Amino acid sequence: MGENRSGRAAAYLRFLGAAFTANLQAVAEYRVSFLVQVFGMMLNNAAFAVFWAALIARTGSVGGYGFTDVMVIWALTSTSFGIAHVLWGNVRSLGPIIQRGELDVYLLQPKDAFLNVLSSRTVVSAWGDLLYGYLVLAFLPGTGPERLALFTLLALSGAVIFAAVFSAAESLTFFLGNAGPLSSAVTEFLLSFSLYPETVFDPGMRWIFYTLLPSGFIAFVPLAVYRSLDWPLVPVLLTVAAVYAAASYGLFRLGLRRYESGNQVGTRL
């Protein structure tokens, strides 16, 4: 039984690798557009770094967070968001796909429909988000190989949580008919909560950061882990990410029972 599970896991990892390669080759055909979008997103993010530098230069700190702390939060959130959209580019397009009845082509293929539809696309500008986090780290003091390795694991955990929450919000389309406004709100709130120091928010609402909109597991706890190089907490965060992913997958599978085919004939290579 264990061998079967490990074999299936390896097969899906190979599938993700193949999907990633195919998506990358597709966007690389338009190199100028690819580079413009990537660097454009990095410049957009850099503007916020300038804003925080000016603000903290005047105030000394924000909610007890210094400039380095805020930049690590931005780096973690940016890279996590980028990874999620590079690997699973349809996490915020799942709702329209369901609405238009376009799941048919994925349901007819041997791979799991949920993973298949999410990984069938990559978002070009998300490469800028992904790389921006590492660029930030390069300018922060104390960055070395160990911190880079830790940062990467923390960002991967955050990416899974981002993808799980976004796809869960989109899967509500099965039940609501149109979950677009709700999904957009979830995206905006989750990003906003993840980009600002936890202490600037009212204590009464912080429970949201560890439940429905888990910014705490994307930015705040990872920041503490990164600060103290607390490696034993990394498996805990990865487990939390797996729980959110499982919940999102379960919601999608439940919604499939209500899915109505679009009766479309199509192929996907």
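Observations
- Criterion: in contact with a Phe, Trp or Tyr (Cβ under 8 Å, 6 or more places away or on another chain) and in a helix (DSSP H, G or I) - qualifying residue of Arg147, Arg92: Arg147
- Flag for Gly180 being farther than 27 Å from Leu153 by Cα, touching a Pro at 6+ places or on another chain (Cβ under 8 Å) and either of a type outside the set (D, E, K, R) or open to solvent by 70 Å² or more (accessible area, probe 1.4 Å) (or both): yes
- Total residues in region 108-128, condition modelled with pLDDT of 90 or more, of a type outside the set (Val, Ile, Thr) and not in a loop (DSSP other than H, G, I, E, B): 5
- All of (1) assigned to a loop (DSSP other than H, G, I, E, B); (2) open to solvent by less than 20 Å² (accessible area, probe 1.4 Å); (3) out of contact with any helix residue (DSSP H, G or I) (no Cβ under 6 Å at 6 or more places or on another chain) hold for Trp74 with one exception: (1).
One line per residue, one yes/no per condition, for (1) in contact (Cβ under 8 Å) with a residue 12 or more places away in the chain; (2) under 20 Å from Ala169 (Cα atoms); (3) acidic (Asp, Glu); (4) buried (at least 22 other Cβ atoms within 10 Å of the Cβ):
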{"site": "Arg100", "(1), (2), (3), (4)": "yes, yes, no, no"}
{"site": "Leu118", "(1), (2), (3), (4)": "yes, yes, no, yes"}
{"site": "Arg121", "(1), (2), (3), (4)": "yes, yes, no, no"}
{"site": "Leu130", "(1), (2), (3), (4)": "yes, no, no, yes"}
{"site": "Leu137", "(1), (2), (3), (4)": "yes, no, no, no"}
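- Screening region 191-212 for residues that are outside any helix (DSSP H, G or I) and farther than 16 Å from Ala159 by Cβ and picking the one that is most open to solvent (accessible area, probe 1.4 Å) gives Leu212.
- Unmet criterion (only one of (1) at negative phi; (2) of a type in the set (A, V, I, L, M, F, W, C); (3) open to solvent by 50 Å² or more (accessible area, probe 1.4 Å)) for Ile218: (3)
- Test: residue in region 154-172 that is touching a residue at least 40 places away in the same chain (Cβ under 8 Å), surrounded by fewer than 17 Cβ atoms within 10 Å (Cβ to Cβ) and either not in a helix (DSSP H, G or I) or not aliphatic (A, V, I, L, M) (or both): no
The values are calculated or read from the model by the stated rules, or taken from the named source; none is laboratory data. Quantities reported herein were computed from a predicted structural model and do not represent experimental measurements. Cβ: placed from backbone, ideal geometry, glycine included. Neighbour counts: every protein chain shown. Protein only, heavy atoms only, side chains kept; ligands, DNA and RNA dropped before computing areas. Shrake-Rupley method; radii C 1.70, N 1.55, O 1.52, S 1.80 Å.
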